1. If you project the alpha carbons of the stretch 669-743 onto the principal axes, what extent comes out on each, in Å, largest first?
2. Taking the Cα atoms only, what angle lies between the long axis of helix 440-452 and the longest principal axis of the chain, rounded to 10 degrees?
3. Taking the alpha-carbon centroid of each part, what is the distance from the stretch 508-584 to the stretch 80-99 in angstrom?
4. Arrange the residues Asp432, Asp668, Asp446 by how much accessible surface each exposes, largest first, with a 1.4 angstrom probe.
5. Find the eigenvalues of the gyration tensor of the Cα atoms of the stretch 451-581, then list the square roots of 5 times those eigenvalues as equivalent ellipsoid semi-axes, largest first, in whole angstrom.
6. Beyond 27 Å between alpha-carbons counts as too far, so tell me which of Lys94/Lys503; Lys114/Lys177; Lys91/Lys114 fall in that bin.
7. Strictly over 20 Å apart at the Cα level, which of Lys15/Lys370; Lys88/Lys129; Lys83/Lys129; Lys129/Lys190 would you flag in this model?
8. Leaving out ligands, DNA and RNA but keeping every protein chain, what accessible area does Lys54 have, in Å² rounded to the nearest 10, with a 1.4 Å probe?
Amino acid sequence: MASVLYRLGSTAYRKWPYFIVAWLIAIIGLGGLSQAVSKPLVDTFSIPGIPSLKAQTMQMKLFPGTGDAVNDAGVTVVVAAPKGSTLKDPKYSKAVNSLVADLRNNPQMGKASKAQLANPVQASDAQYKAATQGAAKQGTPKDVADRNAKELLPLSADSRIGTINFAFDVKTVQDVKPATQEAVLADLAKARQSGLTAEVEGAGMQTVPEVGGSSELIGVAFAAVVLIITFGSLVAAGMPIISAFAGVAMGTIGLTISTAFFTIGTTTPILATMIGLAVGIDYTLFILSRYRNELQSTDDRAHAVGLAVGKAGTAVVFAGLTVIIALVALSVVRIPFLTAMGLAAAGTVFFAVLVALTLLPAILGIFKSKAFGAQVRKRKDKQGPDGLTVNNGTRWANVVGRKPAIVVGAVVLLLGLIAIPAAGLHLALPSDSTAAQNTTQRKAADLQAEAFGPGRAAPLLVVVNGTGVSGDAKARTSAFGEVVKWAATKNDVANAQIIGINKAGTGAQVLVTPKSGADDEKTLALLHDLRDTQSSIQKQTGTEVGVTGLVAIQTDVSDRLTSALPLYLAVVVVLAFFVLMVVFRSILVPLIATFGFLLSILATLGATVEVFQNGRFGLVEGSPLVSFMPIILIGIVFGLARDYQVVLVTRMRESHVHGMGAKDAVVDGFRHGARVVAAAAAIMISVFAAFILQDLSFIQSIGFALAIAVFFDAFVVRMTLVPALMYLLGEKAWYMPAWLDKIVPHVDVEGEKLTGDDAPQPERQPKHLASSEKVSV
């Protein structure tokens, strides 16, 4: 591989115009195609085969024409009169009527949608009258009928807050056009001029988060500062950033094209951009650093680029491959939207590797001797008595080596303490009630909870199939009533009532309204209680019962994600061990790496739970973590941890193979790799941390988790725990049984074939180089 990459790098340097043009054609051509075939992004957090979707299928059979809860483009407009006033006051009643009229004239409003629209005051009166009269005909006690009717009214008890409910006339949420949503928001802005409070929530008003905003630019700006410090050159500092943007552009274009064939969630491009920027800058940093080192021994720049791509590029290919494998492996949990996230991010990483191997050498071909021009600082490391470089990396390695046992104990204790809050991990999918406080969705959810209680937005629907009930229609009706009583007796139930019986009288829908909100653990406990005891009510009544609704579907998805976590973690850990065993020709080094990886993950989860779930430090309002965050975190950190492990420990192995003692090899590994790893980690941390500035809380939590994970893994584990354990193990760290060594394939990660007798030679003999190009990085 090293020889192939050498030829690729040197060719890209010499024939840079062809490579630059090829990249421009790819970006412009595919970019145009993506705009022509793209479809809107939409979140569909569903998994085939979960209990709630099975219950929904039963509902559709009993009640033909029933909408799909996942694809229903429902909208809830919440209006409120100022305190001390009511929506019945003429001024505000008129304003609500105007709002309803404006909403009727919006795009994608069919006849059914328009029929749903009504002033909550009039709708409440009509709905109450119809419900109580219908209940009286069925013989329902007056107090029960009154309570049930009031539970579903669109007007609060004090008449100050009301809801206007409708659904856009589309097949799926994906079909709602941005112009339609903008029209609704414009109607609300107009209504506010009368003094009304008007906010909106619901799947139909789902918006796509912006990608490429100020948060990403802040991360890139910080990365630029790190690169300037690392290289001391403005030109060299710009190359990794340009390359990273090219890779992200290709990844985004590929993702946009894929929307024509697959349903892609709104979070997916943000995640892909986050990872693409981080690894794109890091991979080019590795190769550019190696190129600068190679210039110390040759003035043939094409040869130096070839050596850099052949040596560091091999490590980049391996590191990128491990990240890609970890992300693609998300498909093993068989969760569609998670698979889409993994594949999209993996595609961006693939382009980041390709850019580092081809576009960066071509850019170096453009600048030639000016590649490290526009210098702003110079650095020359000191030489020790043995003639070897002494830098901060060697100093830190020597500090760790003085008391390695104490260092190991301190690191394990520190990360263990930080990991403790992870025991209280609470996962849920994002909802309007957990959106940022300044969004209209969150304001609408808060208003609705204030008026009707948090459970109004978190209903559970019990579908009852009475076809198996022996007896007549009266017997089935009685069975339906027993199901209602069964549901009503559960903890945290505010109300349970039949909201529909099919024409054949063989099926019923029972609406169960919790006292708690959708993201409250009490609501989740209620759902599990209904599921756990549904067999008893089925035996008692002869019915078939299923629980569905959007909350039930989202809870089932979260549960499936949680249950898939151990399987995915096992796959990643086993993969990590065997891959590292191939690279390092050792058994203990992979064990050390895997142990450190697990510590990093647990500590990261603990810190994220404490800050984002428990609201520690008051940085954010505490709320459940997004369900797919832990599994995404494991996949990404697994790949990134391999990067730092490869850069540091392969240098140690190379030194040890060439005759250095085990402890000296640790120091030598830090001599060559610590500065690059520190710079790469700082860049990744800055890029990930910048996403904390996003408006969506679950994006903030993912950005924080990835940033703190890189910090723990790079600085605490790879640069502290790993060398300490290597010191303690000594020569044993590199032990591998002879029989196993014969079986495990050999991978030339460091490009040793480029330094032997058959190595490619420069076109000119080495000569004295400018000091600006002799400084090692």
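The values are calculated or read from the model by the stated rules, or taken from the named source; none is laboratory data. Everything quoted here is computed from the prediction, not taken from an experiment. Neighbour counts are summed over all protein chains in view; Cβ atoms, including those assigned to glycine, are modelled from backbone coordinates with ideal geometry. Side chains included, ligands, DNA and RNA excluded: accessible areas come from the protein's heavy atoms. Shrake-Rupley method; radii C 1.70, N 1.55, O 1.52, S 1.80 Å.
1. Reported extents, whole Å, longest axis first: 55, 29, 19.
2. Once rounded, one gets 40 degrees.
3. Taking the Cα centre of each part, the stretch 508-584 and the stretch 80-99 sit 42 Å apart.
4. In descending accessible area the options line up as Asp446, Asp432, Asp668.
5. Details: eigenvalues 268, 71, 25 Å².
Its equivalent ellipsoid spans semi-axes of 37, 19, 11 Å.
6. Numbers: Lys94/Lys503 39 Å; Lys114/Lys177 17 Å; Lys91/Lys114 23 Å.
Check vs 27 Å cut-off fails for Lys94/Lys503.
7. Values: Lys15/Lys370 17 Å; Lys88/Lys129 18 Å; Lys83/Lys129 27 Å; Lys129/Lys190 32 Å.
Table pairs above 20 Å Cα-Cα are Lys83/Lys129; Lys129/Lys190.
8. About 130 Å², ignoring ligands and nucleic acids.
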